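Shown next, in structure tokens, is the structure this report addresses.
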Amino acid sequence: MKSLKTIIKGAALAGALLSFLATSAQEASFTFFPASVEVYEGESFETQVLIETGNVPFTVFDLHLAFDTEYLQVMDIEIAESNAFNYHSPAEFTNEAGRIDAAAFKTTPETSVESMLVATITFVALTQTDLTEVEHIEEAFPRSIIAYGGESVTGELGKLAVSINGNALSTGDTPETNPFNLSIWPNPSSDVSKISFELFEEEQISLQVFTLEGKLVETIFEGSAQSKTPYQFEIDVNHLAAGNYSCRLSTSSGKVSSKSLTVVQ
């Protein structure tokens, strides 16, 4: 019969093995905060990319995200100021391809925090849609991964879900609510945008650009406009800071229509 000491020793070894296996099964995950956003056309918003470590040590991460350029564009990426990371591939994005990429070594593999901020990304919503997602690239190379000693410890790769409502700055797109057929293109713009409209009756008008806080930025045109005559003006946005603006057309009869103008750099 085995001695009590032998049984206790065996139980201790089994417990240690289970503990080791449990630790080995732990993984670190990428998450977004917030992970779900509801915005309006032309509105900008921020989300944070985090690594939920689960107290698992890691030595390197690769972050590779894809987004649909029909609905979203990136305005800025701010890397978290931390001595914990040494970026061998600085954060960069391309709105043409709909990609965000970054990669870094962790200066100290051991970690005592459960959540680490990697970056803050500012997006702008372009077009109305029930759902568009920012997703990690998993299958192609390069792909998102968290690793330790050359082995993946990657767990969940979270998604950012974005719902985009109709333009909050616009009075609408039907003839009744947008009597001027006001439109702006290209939008977003980094150079020159064209603004067009057409009146159904002759009026004195004012075409101006405002910040979202209501501060006048530029008066594009003031004067008389003929009825049923297409008008088109250009606005050079090179001197404007990246962000969202309201292009507003008002008439002497008190009618007002606005469209969002997004400036990107």
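The values are calculated or read from the model by the stated rules, or taken from the named source; none is laboratory data. These numbers come from a predicted model, not from an experiment. Glycine also receives a Cβ, built like all others from the backbone with ideal geometry; neighbour counts cover every protein chain displayed.
General observations
- The residue that is farthest from residue 165 (Cα to Cα), among those in the range 224-265 that are free of Cβ contacts under 8 Å to residues at least 60 places away in the same chain and charged (D, E, K, R), is 228.
- Single residue of the range 226-265 satisfying the filter (aromatic (Phe, Trp, Tyr) and closer than 30 Å to residue 94 by Cα) that is surrounded by the most Cβ atoms within 10 Å (Cβ to Cβ): 245
- Of all residues in the range 116-168, those being in a strand (DSSP E or B) and surrounded by 13 or more Cβ atoms within 10 Å (Cβ to Cβ) number 29.
- Flag for residue 19 being modelled with pLDDT under 80, in contact with a strand residue (DSSP E or B) (Cβ under 9 Å, 6 or more places away or on another chain) and outside any strand (DSSP E or B): no
- Only one entry in 41, 96, 92 is acidic (Asp, Glu), over 19 Å from residue 146 (Cβ atoms) and modelled with pLDDT under 85, namely 41.
- Output for the range 209-223, where each listed residue is out of contact with any Asp or Glu (no Cβ under 7 Å at 6 or more places or on another chain) and part of a strand (DSSP E or B): 210, 211, 216, 217, 218, 219, 220, 221, 222, 223
- Taking strands (runs of 3 or more DSSP E) as the structural unit, those lying wholly within the range 35-112 and holding at least 3 residues that are surrounded by 18 or more Cβ atoms within 10 Å (Cβ to Cβ) correspond to 44-52, 60-66, 72-79, 85-94, 99-106.
- Residue 223 passes every criterion in (1) at pLDDT 90 or above; (2) surrounded by fewer than 17 Cβ atoms within 10 Å (Cβ to Cβ); (3) at negative phi apart from (3).
- Any chance residue 47 is among the hydroxyl-bearing types (Ser, Thr, Tyr), out of contact with any strand residue (DSSP E or B) (no Cβ under 7 Å at 6 or more places or on another chain) and more than 14 Å from residue 116 (Cβ to Cβ): no
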